[in-house]
1. Taking segment 186-202 only, how many residues are more than 11 Å from the ligand (Cβ to nearest atom) and open to solvent by less than 40 Å² (accessible area, probe 1.4 Å)?
2. Taking the conditions exactly as written (more than 16 Å from the ligand (Cβ to nearest atom), open to solvent by less than 20 Å² (accessible area, probe 1.4 Å) and of a type in the set (Gly, Ala, Ser)), does Ala129 satisfy them or not?
3. When you scan segment 263-291, how many residues do you find that are hydroxyl-bearing (Ser, Thr, Tyr) and either within 16 Å of the ligand (Cβ to nearest atom) or out of contact with any strand residue (DSSP E or B) (no Cβ under 8 Å at 6 or more places or on another chain) (or both)?
4. May I ask you to verify whether Ala180 is within 16 Å of the ligand (Cβ to nearest atom), farther than 17 Å from Tyr230 by Cβ, touching a Cys at 6+ places or on another chain (Cβ under 8 Å) and at pLDDT 95 or above?
5. Which residue is surrounded by the most Cβ atoms within 10 Å (Cβ to Cβ), if the candidates are limited to segment 52-108 and must be among the hydroxyl-bearing types (Ser, Thr, Tyr) and out of contact with any Asp or Glu (no Cβ under 9 Å at 6 or more places or on another chain)?
6. Being within 14 Å of the ligand (Cβ to nearest atom) and either in a strand (DSSP E or B) or out of contact with any Lys or Arg (no Cβ under 9 Å at 6 or more places or on another chain) (or both) is the filter here, so list the residues in segment 149-166 that pass it.
7. Among the candidates Glu249, Glu284, Glu280, Glu298, single out the residue that is at pLDDT 95 or above, surrounded by fewer than 22 Cβ atoms within 10 Å (Cβ to Cβ), over 18 Å from the mean Cα position of the chain (by Cα) and within 25 Å of Gly130 (Cβ to Cβ).
8. Look through Glu205, Glu173, Glu243 and report the one residue that is modelled with pLDDT of 95 or more, within 16 Å of the ligand (Cβ to nearest atom) and open to solvent by 60 Å² or more (accessible area, probe 1.4 Å).
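The values are calculated or read from the model by the stated rules, or taken from the named source; none is laboratory data. As the structure is a computational prediction, the values presented were derived from the model and not from experiment. Quick reminder, even Gly has a Cβ in these numbers, built from the backbone with ideal geometry, and neighbours come from all protein chains shown. Areas reflect the complete protein model, heavy atoms only, side chains present, ligands, DNA and RNA absent. Shrake-Rupley method; radii C 1.70, N 1.55, O 1.52, S 1.80 Å.
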Amino acid sequence: MYKTLIAAVLGVALAFSGAGRAEAKTTFITIGTGGITGVYYPTGGAIAKIVNAKKDKYNIRATVESTGASVFNINAIMSGDLEFGIAQADRQYQAYNGLSEWEGKPQKDLRAVFALAPEAVTFVAAEDAGIKTLADAKGKVINLGNPGSGNRQNAIDVLQAAGINIEKDLKGEGIKAADAPRMVQDGRIDGFFYTVGHPNGNIKEATAGKRKCRIVSIPDIAPLTKAFPYYSLTHIDMSQYPEATNKDEDVTTVGMLATLVTSAKVPDDVVYAVTKEIFENLDEFKKLHPALAGLTREGMLEGLTAPLHPGAEKYYKEAGLMK
Ligand code: GLU
């Protein structure tokens, strides 16, 4: 009785103060990204920065978390530990349709928000390991990527398409992308795979060290694009890595888009606000990381296989980007 009375008095006081009312409504959202040397982490930071600039309007407070990347992010969104996350388009497709890590367990609550920058399956190898082609990875120590990353399955797909058995033909490691450049430089691995947007700090770190490295081309991608609809041909602009030994080569590989995903359980007004602010501040957003420079409003509606979140759809219709 006594407690109820205090609560009632406090309630009335808060209702009249106004300040208490505004505080109580803040919505906290966390965006899952990837390793701190990749592109997801600064991209998540850029999204949070733009959304937080409108704190007064939406009362949304966004924070960013460094994570194991695509697969981890999707799983954490599905369990309610994260509200948003960045994930490769191939992983979005697989999770929604119950393939790969989600075999038989389709994630039907996964929702697409928008696409981000393209990513390329990037194979960095030490020059002294004699790896000039995918086939040269045989007998070598190669980091395929940590469990929870998107890139691990990409490495496996690419190697298998080149006839390499990842169990028998090489020693495959499962370390985090952020640790891979240092491990190459220390001579503990011969090379590593990273599916990432360009330019990024991780590949710069690996190619700028004492131990000379190249980015190995993955030229024969027809079997891959045929078997997996989400892969497409992409080029790595080597002018971004002037210290790589093959800086003058045209490096081709497979790629896909990075995407922002969420859950059907995240409220429409929250997803609407995030979508609207990124699209309406696109020029500022593009300046926050060089890998985002090529984004276009139309391109950001590609590569989305999970259903669009209704909050995002509402904005696209309002903006005339969708009928
Ligand atoms: N595409 C990577 C992955 O999902 C992450 C890349 C990044 O963090 O920029 O494993």
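1. Going through segment 186-202, the residues more than 11 Å from the ligand (Cβ to nearest atom) turn out to be 186-192, 199.
So of that shortlist, the ones also open to solvent by less than 40 Å² (accessible area, probe 1.4 Å) come out as 189-192, 199.
The total comes to 5.
2. Values: more than 16 Å from the ligand (Cβ to nearest atom): yes; open to solvent by less than 20 Å² (accessible area, probe 1.4 Å): yes; of a type in the set (Gly, Ala, Ser): yes.
For Ala129, the condition - more than 16 Å from the ligand (Cβ to nearest atom), open to solvent by less than 20 Å² (accessible area, probe 1.4 Å) and of a type in the set (Gly, Ala, Ser) - is met.
3. Quick first cut of segment 263-291, residues hydroxyl-bearing (Ser, Thr, Tyr) only: 263, 272, 275.
So of that shortlist, the ones also either within 16 Å of the ligand (Cβ to nearest atom) or out of contact with any strand residue (DSSP E or B) (no Cβ under 8 Å at 6 or more places or on another chain) (or both) come out as 272.
Result for segment 263-291: 1.
4. On the way: within 16 Å of the ligand (Cβ to nearest atom): yes; farther than 17 Å from Tyr230 by Cβ: yes; touching a Cys at 6+ places or on another chain (Cβ under 8 Å): no; at pLDDT 95 or above: yes.
No; evaluated as a whole, the condition is false for this residue.
5. Let us first name the residues in segment 52-108 that are among the hydroxyl-bearing types (Ser, Thr, Tyr), namely 58, 63, 66-67, 70, 79, 93, 96, 100.
Those left that are additionally out of contact with any Asp or Glu (no Cβ under 9 Å at 6 or more places or on another chain): 63, 66-67, 79, 93, 96.
Working: Thr63: 12, Ser66: 17, Thr67: 26, Ser79: 9, Tyr93: 22, Tyr96: 22.
Going through the qualifying residues, I end up with Thr67.
6. Within segment 149-166, the first condition is being within 14 Å of the ligand (Cβ to nearest atom), and the residues that meet it are 149-158.
Passing the criteria: Asn151, Arg152, Asn154, Ala155, Ile156, Asp157, Val158.
7. On the way: Glu284 fails: within 25 Å of Gly130 (Cβ to Cβ); Glu280 fails: within 25 Å of Gly130 (Cβ to Cβ); Glu298 fails: within 25 Å of Gly130 (Cβ to Cβ).
The match here is Glu249.
8. Working: Glu173 fails: open to solvent by 60 Å² or more (accessible area, probe 1.4 Å); Glu243 fails: within 16 Å of the ligand (Cβ to nearest atom).
Testing whether each residue is modelled with pLDDT of 95 or more, within 16 Å of the ligand (Cβ to nearest atom) and open to solvent by 60 Å² or more (accessible area, probe 1.4 Å) leaves just Glu205.
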